[in-house]
Amino acid sequence: MDSLLALRGFTLIYLNLVFILVGIVLYLLQAVGLYGMGKNADVKHNWVAFIPIVNAYVWGKIIKEIKISKYVLPYPEIVLPVAPFIYGLLFDFSMLGPLLLLCLFVLYAAGFYRLYSLYRPDSVAIYTIISIVFPFVVPFFFFNLRKESPLSTQENKRDRDSAPESKGEK
């Protein structure tokens with residue numbers, strides 16, 4: 001009986017170590033990806049990509065603004081890193097917690113959409129959906145985009161305007 005208990009304990013310790021190592025590897029992939037994207041987008045202080053939570057500063061500097069419907073949220077380099085702290089402070093309030101979580105979810109989804117529209121305008125929807133449904137792939141996406149430069153706003157608008165409309169065209 002004692003050996004079974006010891007085996008269970010060692011298994012839990014081993015699994016915890018594996019999860020910690022996987023988490024560190026995913027974090028480093030995301031940090032290196034954000035650092036590279038920030039470097040290519042001429043972001044000052046892109047070294048903060050290696051600091052947890054604050055790394056969203058680099059993400060915000062790259063995307064420059066977040067659009068949700070017709071509302072434009074300026075200064076995403078401040079909003080993206082601060083939003084989780086605000087949620088952390090206020091999540092215990094009965095109705096405010098779930099509402100803030102929903103706002104945080106929408107904010108990050110819009111941030112993903114904006115980032116992918118700068119790097120992968122042809123497949124922005126699929127990248128965003130995959131990032132929301134399977135968040136563990138975001139570090140791989142960021143790492144994959146690290147060597148690319150973002151499209152400027154004009155290039156992105158021109159690509160969107162010149163894309164063929166799916167309705168009515170044959």
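The values are calculated or read from the model by the stated rules, or taken from the named source; none is laboratory data. Treat the numbers as computed from the prediction; the structure is a model and nothing was measured. A quick note on method: Cβ atoms are made from the backbone with ideal geometry, for glycine too, and the neighbour counts reach across all protein chains shown. These accessible areas exclude ligands, DNA and RNA; they are computed on the full protein's heavy atoms, side chains included. Shrake-Rupley method; radii C 1.70, N 1.55, O 1.52, S 1.80 Å.
Would you pick out the residues in region 87-125 that are outside any helix (DSSP H, G or I) and either open to solvent by less than 60 Å² (accessible area, probe 1.4 Å) or among the small types (Gly, Ala, Ser) (or both)? Can you show your working first?
First pass over region 87-125, keeping only residues outside any helix (DSSP H, G or I): 91-95, 120.
Listed by number, the residues that qualify are Ser94, Arg120.
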Within the group Lys157, Lys67, which residue is at pLDDT below 90, in contact with a helix residue (DSSP H, G or I) (Cβ under 8 Å, 6 or more places away or on another chain) and basic (Lys, Arg)?
Lys67
Only residues that are open to solvent by 60 Å² or more (accessible area, probe 1.4 Å) and part of a helix (DSSP H, G or I): list them for region 126-157, please.
Ile126, Ile129, Val133, Pro135, Phe136, Phe140, Phe143, Asn144, Thr153, Gln154, Glu155, Lys157
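Would it be correct to say that Leu26 is at pLDDT 95 or above, assigned to a helix (DSSP H, G or I) and open to solvent by less than 50 Å² (accessible area, probe 1.4 Å)? Show your work before the answer.
Details: at pLDDT 95 or above: yes; assigned to a helix (DSSP H, G or I): yes; open to solvent by less than 50 Å² (accessible area, probe 1.4 Å): yes.
Answer is yes for this residue.
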Looking at Asn40, is it under 15 Å from Phe143 (Cα atoms) and in contact with an Asp or Glu (Cβ under 7 Å, 6 or more places away or on another chain)?
yes
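Tally the residues that are assigned to a helix (DSSP H, G or I) and open to solvent by less than 30 Å² (accessible area, probe 1.4 Å), restricting the search to region 59-76.
First, the residues of region 59-76 that are assigned to a helix (DSSP H, G or I): 59-63, 76.
Now restrict to residues that are open to solvent by less than 30 Å² (accessible area, probe 1.4 Å): 59-60, 62-63, 76.
So the answer is 5.
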